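Written below as structure tokens is the structure these notes are about.
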Amino acid sequence: MFKKILIANRGEIACRVIKTARKMGIKTVAVYSDADRRSLHVRLADEAVFIGPAPSKDSYLVMDKIIAACKDTGAEAVHPGYGFLSENEEFARRIEEEGIKFIGPKHYSIARMGDKIESKKLALEAGVNTIPGYNEPITGPDEAVEIARKVGYPVMIKASAGGGGKGLRVAWNDEDAHEGFSSCVHEAKNSFGDDRVFIEKFVQEPRHIEIQVLGDSCGNYVYLNERECSIQRRHQKVVEEAPSPFIDPATRKAMGEQAVALARAVQYESAGTVEFVVGADKSFYFLEMNTRLQVEHPVTEYITGLDLVEQMIRVAAGEKLAFAQKDVKINGWAMECRINAEDPFRGFLPSTGRLVKFRAPLESKSVRVDTGVYEGGEISMYYDSMIAKLIVHGASRQQAIERMRDALNGFVIRGISSNIPFQAALMQHPRFQSGSFNTGFIAEEYANGFDSSMVPHDDPALLAAVAAFARLRYIDRAMKISGQHPGFGRKVTSEWVAVMNGVQYPIVVSRTKGGMSLTHGDKTYDIVSDWSFGDQLFTGTVNGQPICLQIERHGLAYRISHFGLQVAPVVMTPYSAYLLSLMPEKAPPDLSRFLISPMPGLLREVAVAEGQEVKAGEKLVVIEAMKMENILKAEHDVKVKKIVAQPGASLSVDEVIIEFE
């Protein structure tokens, strides 16, 4: 077994590999860029080597620096994680030539499966079902349009070296195909150094289901069941689960056997994933093979009891698989939510900056948190938006959903925005709970974006009662430290009004042992909690049932988050509430004359000029943030007065880019 391995990656996956290596008694070496000097993976590793500036093309993608770090530290093997160089055939080959073990498949397997065009041809030869399409590199946008017409809309334009949703667009017409080709080429070149793209038919109402495979150097192969990955936004996975609520044992077996046949055909050694698109009739077609560890591998680990990183290390060290297909079982249900640095209430725009607060749910046998960040750390604009992966396990799918909802309630993140409210909304959506969804679920259910009205709460008066509880606790504290003379203390009324989203909730409060009894209409909430100011988590019981929510004081309001709903009730006396109802509303400022950056990022392109008349729907600028290109278009006909920011500028949120007449 290896004594020391180097992790050629960063963030969550680097920390994940370090955790297993430490369990196996293997020392680890981290590599880091300027932006990651104080990162968690650097802190956790036994050694760390600096490899260059923040942009990945100058650090994590530079093979010579990774190889030099191996030689300098005496690392015997390299685990590439996912992304970066994990599916780079040249990197795997060079590592092998240097006498260093690559903890992943052989370079020839990566070459054959890493190229999406060639992998489809190989899949056909191996007897794997494939999707109709054009499997040669496309030379330009006009050719893309021509081919898309022949295949028949809708089509998928995909980067040949792509993965993780990068370099992928769905085109529904000629305009989409023309524009999608250009965007895919740019993203593919920036993310993978390979700008080849191809086109295939887009299967409507599809489910995205993948099979985890594992092979060793002795010709042994197994499939570790399936993962359901259909909950996606912009082709990026949001929620994954294992097993799938859609797949039956016969389909699972058929898909698994085809996945193993493909792995065997390319002499695959390590953990890998064969992705399929599955139709409503359970017909399935090969999409691609990811020759690396997947982001969502923990759900497979939960239901099989296997540590996939450990299996990869053992296979790379020459060990045979210690189990056969008959030994692979399904134990319960696992679910993973990707917690990303993005603002779901502002169109999921990237959010970068410092993690002022980071308090993950307590880990247990049924709750796991994989992360590469810590409180006080920074989410950088140079890398992907993942903050953490929240994984839960239950005896049934419903229990897994309930545990995920509870865990999301207890996940505290401040300083940047996160998609936790959106994840909580997904967990309680009827279609998700029923298992009746496909890859178009988010686009269909949230076609006009996401807002707080899409997060229903069973009992909003409960949140008003909690706000009143917090208000009384604040008054209690103030009375203790006011220094007032005896007999002149503050008189506290028992009648209050919580004003929330324009609705008034009259509440009558009485004190009880360890808490308060709060009555609104015909409902009474007996709340017991030792919550105190400064703690974002409010835990205790309501009418004897446990409760966990997030609350903090902002001026006169108490901002509360519960099951994805975010409200800010203000608690006041009945007379103050009456006066508030008489106050006129202040209109927001008119910013329609400006194009304002909705996110931090790099201004890659300004597509208009000063004095130009622009029609609604035309492209204005392209902003690159967290490795994704974002195109901003005109909402209505305008004339450009002034270009305020030039291409190449680093934009902050709400920075003016263009002024219109």
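The values are calculated or read from the model by the stated rules, or taken from the named source; none is laboratory data. Computed from a predicted model, the values in this text were never measured in an experiment. All Cβ positions, even for glycine, are placed from backbone atoms using ideal geometry, and neighbour counts span all protein chains on display.
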Checklist outcome for this item: Checked the stretch 57-85 for anything touching a Phe, Trp or Tyr at 6+ places or on another chain (Cβ under 7 Å) and in a loop (DSSP other than H, G, I, E, B); matches are Tyr60, Leu61, Glu76, Phe84, Leu85
Checklist entry - When you scan the stretch 290-398 for strands (runs of 3 or more DSSP E) that lie fully inside it, which ones turn up with 2 or more residues that are surrounded by fewer than 18 Cβ atoms within 10 Å (Cβ to Cβ) and on the phi < 0 side of the Ramachandran plot? => result 357-359
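Quick grid of which residues meet (1) assigned to a helix (DSSP H, G or I); (2) assigned by TED's automatic domain parsing to the domain that holds Lys282; (3) in contact with a strand residue (DSSP E or B) (Cβ under 6 Å, 6 or more places away or on another chain); (4) closer than 30 Å to Glu210 by Cβ:
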position: Phe450; (1), (2), (3), (4): no, no, no, yes
position: Ala470; (1), (2), (3), (4): yes, no, yes, no
position: Trp531; (1), (2), (3), (4): no, no, yes, no
position: Thr541; (1), (2), (3), (4): no, no, yes, no
Checklist entry - closer than 22 Å to Gly114 by Cα, among the aliphatic types (A, V, I, L, M), touching a His at 6+ places or on another chain (Cβ under 6 Å) and touching a residue at least 60 places away in the same chain (Cβ under 8 Å): does that describe Leu168? => result yes
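Okay, residues lined up against (1) of a type in the set (A, V, I, L, M); (2) over 30 Å from Ile420 (Cβ atoms); (3) in the same structural domain as Tyr383 (by TED's automatic domain parsing):
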site	(1), (2), (3)
Trp172	no, yes, no
His178	no, yes, no
Ala188	yes, yes, no
Asp195	no, yes, no
Val213	yes, yes, no
Asp216	no, yes, no
Tyr223	no, yes, no
Ile231	yes, no, no
Ala242	yes, no, no
Checklist entry - What about Lys19, is it touching a helix residue (DSSP H, G or I) at 6+ places or on another chain (Cβ under 9 Å) and surrounded by fewer than 24 Cβ atoms within 10 Å (Cβ to Cβ)? => result yes
Item to check | Residues satisfying the stated conditions in the stretch 451-503, i.e. at pLDDT below 90, aliphatic (A, V, I, L, M) and either under 41 Å from the mean Cα position of the chain (by Cα) or within 19 Å of Val542 (Cα to Cα) (or both) | outcome: Met454, Val455, Ile475
Checklist entry - Looking only at residues in the stretch 131-154 that are buried (at least 17 other Cβ atoms within 10 Å of the Cβ) and touching a Lys or Arg at 6+ places or on another chain (Cβ under 6 Å), which one is modelled with the lowest pLDDT? => result Asn135
Item to check | Condition check for Val238: surrounded by fewer than 24 Cβ atoms within 10 Å (Cβ to Cβ), in the same structural domain as Gln294 (by TED's automatic domain parsing) and touching a Cys at 6+ places or on another chain (Cβ under 8 Å) | outcome: yes
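When you check Val277 against the structure, is it farther than 22 Å from Asp384 by Cβ, in a strand (DSSP E or B) and either basic (Lys, Arg) or touching a Pro at 6+ places or on another chain (Cβ under 6 Å) (or both), yes or no? Full working, then the answer.
Working: farther than 22 Å from Asp384 by Cβ: yes; in a strand (DSSP E or B): yes; either basic (Lys, Arg) or touching a Pro at 6+ places or on another chain (Cβ under 6 Å) (or both): yes.
Answer is yes for this residue.
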Checklist entry - Of all residues in the stretch 245-274, which are touching a helix residue (DSSP H, G or I) at 6+ places or on another chain (Cβ under 6 Å), of a type in the set (A, V, I, L, M) and either at pLDDT below 95 or assigned to a loop (DSSP other than H, G, I, E, B) (or both)? => result Val266
Next on the checklist: Given the criterion among the β-branched types (Val, Ile, Thr) and within 27 Å of Ser385 (Cα to Cα), identify the matching residue among Val203, Val239, Val260, Val222.
Outcome noted: Val239
Checklist entry - Do the conditions hold for Gln423, that is, is it crowded, with 21+ Cβ neighbours inside 10 Å, assigned by TED's automatic domain parsing to the domain that holds Ile391 and either under 16 Å from Gln232 (Cα atoms) or modelled with pLDDT of 95 or more (or both)? => result yes
